[in-house]
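The values are calculated or read from the model by the stated rules, or taken from the named source; none is laboratory data. A quick note: this is a predicted structure, and the numbers were derived from the prediction, not measured. Glycine also receives a Cβ, built like all others from the backbone with ideal geometry; neighbour counts cover every protein chain displayed.
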Amino acid sequence: MAVARRLLLPRWAGAVRPISAAAAGALPARVKVVEVGPRDGLQNEQSIVPTAVKIGLIDMLSHTGLPVIEATSFVSPRWVPQMADHTEVMQGIKKLPGVSYPVLTPNLKGFQAAVAAGAKEVSIFGAASELFTKKNINCSIEESLERFSEVMSAARAASIPVRGYVSCVLGCPYEGKISAAKVAEVSKKMYSMGCYEISLGDTIGIGTPGSMREMLTAVMKEVPVGALAVHCHDTYGQALANILVALQMGVSVVDASVAGLGGCPYAKGASGNVATEDLVYMLNGLGIHTVSEGLSRGSCWGWIGAAEPGLESPSAGGAGSGPAVPRQPPHAGSASWPLSHAVRSDLSESQRGPRLGALQPPLAPAALSQQCQSLLGSVRGQRWHQPPAASCSLKGVDLQKLMDTGTFICNALNRRTNSKVSQASCRL
């Protein structure tokens, strides 16, 4: 197993090193943030989020410096309808060098579909609660681990890294308190199977710094701390405090979800995940290096909220307020996002004729790109830091060419509402 783990270990994971609980206290110099919003964040949403919005969100997150973005889940659409477009999402996103895009795979069938769609890393999920496992995947903990052995064998043959999730590590919606010894037992088995990293999930967000410390102390006796991550929900506002305890104990990998989106469809009472923006803000304040400083607080939620107004952010108040995290545009010296970063434009017919609009990621100024300026001609050089108050005439514009290049024109255009923003479009 040790040989298999070395083979499957991603380049960025580094060497696994054990650490004793007695040595706890010193904060890690670096923390890897695993963004789970596109999968764990959206899976519990009642309204189906359009595939294009999911792709746009992942592409935008790719440019924030996040090293890992969990893209989707290859589960049965009968159980999680939100993830039915998993193949389209994986094939539609622009994968950047240095960014991993793992997907969740519950069984061998899901693993094979994920690999066929281009996945280079997968995750499996177990739980420390028998009743939760029964309600979630209709089997016992031991049976679930046996099912995962098929996935591990296939992944080993394909040299694909596998990450393991353990749910309900600090409490279960059906069983209540879960013993730290049980969490350690399940974590050890998943690690021994070949999972390079074990993410410990407080699925319903009832953990406290005390219970987090107790659980980690037990798990760290069985699994090296360098192979551990924490995944905290914020039901009682304890997520950041629990994460801080984990950091003090040597954990250097933390899962988070943009704007605090999330919840578990099989965990009654589960609230959103800890917001990625809030986590990065705390890490910066602690002087801990993370490569995701490019994530502005609330900016991604501002985008997805405009694109899909039916979504509600559990952490909108926290993640959307406070000072912005300093960032630089994706390309130094660029006045705006290049065309390849823009969400595909959308063309619709109205009584006034064809209209062209697009959603521009708000992580950079909403100024026109040079290419867009040259194509638009009559509005060349105009500063659109806010959506225009009224439609403006465009003469001599090759509309299809704009569509083909994906050029954006205005910010946060949303045709679903009758707001001023939705009316701020450009037409011929």
Quiz item: For the subset of segment 63-91 comprising residues that are under 16 Å from the mean Cα position of the chain (by Cα) and in a helix (DSSP H, G or I), which member is farthest from residue 120 (Cα to Cα)?
Solution: 82
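Yes or no, residue by residue, for (1) of a type in the set (Gly, Ala, Ser); (2) surrounded by 17 or more Cβ atoms within 10 Å (Cβ to Cβ); (3) out of contact with any Phe, Trp or Tyr (no Cβ under 7 Å at 6 or more places or on another chain):
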{"site": "68", "(1), (2), (3)": "no, yes, yes"}
{"site": "73", "(1), (2), (3)": "yes, yes, yes"}
{"site": "78", "(1), (2), (3)": "no, no, yes"}
{"site": "117", "(1), (2), (3)": "yes, yes, yes"}
{"site": "132", "(1), (2), (3)": "no, yes, no"}
{"site": "156", "(1), (2), (3)": "no, yes, yes"}
{"site": "159", "(1), (2), (3)": "yes, no, yes"}
{"site": "166", "(1), (2), (3)": "no, yes, yes"}
Quiz item: Does residue 191 satisfy the criteria of being crowded, with 24+ Cβ neighbours inside 10 Å, aromatic (Phe, Trp, Tyr) and at pLDDT 95 or above?
Solution: no
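In segment 100-144, what residues are in a loop (DSSP other than H, G, I, E, B) and hydroxyl-bearing (Ser, Thr, Tyr)?
101, 105, 129, 140
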Quiz item: Pick from segment 202-218 the residues that are in contact (Cβ under 8 Å) with a residue 40 or more places away in the chain and at negative phi: which of them is surrounded by the most Cβ atoms within 10 Å (Cβ to Cβ)?
Solution: 203
Quiz prompt | Scope segment 243-278; condition modelled with pLDDT of 95 or more and not in a loop (DSSP other than H, G, I, E, B); matching residues | solution = 243, 244, 245, 246, 247, 248, 253, 254, 255, 256
Practice problem: Identify the single condition in (1) surrounded by 17 or more Cβ atoms within 10 Å (Cβ to Cβ); (2) outside any helix (DSSP H, G or I); (3) not basic (Lys, Arg) that residue 96 does not satisfy, given that it satisfies every other one. | Solution: (1)
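Answer yes if at least one residue in segment 210-219 is in a helix (DSSP H, G or I), in contact with a strand residue (DSSP E or B) (Cβ under 9 Å, 6 or more places away or on another chain) and over 22 Å from residue 174 (Cβ atoms), and no otherwise.
Of all residues in segment 210-219, those in a helix (DSSP H, G or I) come to 210-219.
Imposing the further condition that a residue be in contact with a strand residue (DSSP E or B) (Cβ under 9 Å, 6 or more places away or on another chain) reduces the set to 211-212, 215-216, 219.
Those still in the list that are over 22 Å from residue 174 (Cβ atoms) too: 216.
Within segment 210-219, one or more residues are in a helix (DSSP H, G or I), in contact with a strand residue (DSSP E or B) (Cβ under 9 Å, 6 or more places away or on another chain) and over 22 Å from residue 174 (Cβ atoms).
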Quiz prompt | Among the candidates 159, 149, 167, residue that is modelled with pLDDT under 95 and touching a helix residue (DSSP H, G or I) at 6+ places or on another chain (Cβ under 7 Å) | solution = 149
